[in-house]
1. Report the longest stretch of the chain that contains none of the chymotrypsin sites (Phe, Trp or Tyr not before Pro) sitting in a DSSP loop with at most 14 other Cβ atoms within 10 Å.
2. Of the labelled options (1) 1.24; (2) 1.17; (3) 1.10, which one gives Cα Rg over 2.2 N^0.38 Å as computed for this structure?
3. Once fully extended, how much extra length lies between ARG3 and ARG17, figured as 0.36 nm per residue of separation less the alpha-carbon to alpha-carbon distance?
4. Would you mind checking the tilt of helix 52-63 against the longest principal axis of the Cα atoms of the chain, expressed as 0 to 90 degrees and rounded to 10?
5. Please return the longest stretch of the chain lacking exposed loop sites, where trypsin sites (Lys or Arg not before Pro) count only if DSSP places them in a loop and at most 16 other Cβ atoms lie within 10 Å.
6. Between ASP33 and ILE52, what length comes free when the chain is fully extended (0.36 nm per residue of separation minus the Cα-Cα distance, one decimal in nm)?
Amino acid sequence: MIRACREFGKKVVVLDRPNPINGVNIEGNILDDKFCSFVGQYLIIVRHGLTIGELAIFLNNEIALGVI
């Protein structure tokens, strides 16, 4: 969605909460790059403790999405 908004010059409003809801616990495996898909595109931990907005900023900085 972020890439599509960049392509079409649209803004995004994010209503978010941490994953998991308490924003403290982080756990799980990191996505194996052999299994990247539309659902899992980036090699991050399953329960990352970030909100979607924080995750978008992180990915923009680490993967250079060029949207923020």
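1. Counting only loop sites that pass the neighbour cut-off, the longest clear stretch is 1-37.
2. This structure yields the entry labelled (2).
3. Here the answer is 2.9 nm.
4. Roughly 80 degrees, rounded to the nearest 10.
5. Here the longest segment lacking exposed loop sites spans 12-68.
6. Full extension from ASP33 to ILE52 adds 4.7 nm.
Only the coordinates and a few stated rules stand behind these numbers; no lab work does. Just so it is clear, the model here is predicted, and its values are computed rather than measured. Counting neighbours? That spans all protein chains shown, and the Cβs are built from the backbone with ideal geometry, glycine included.
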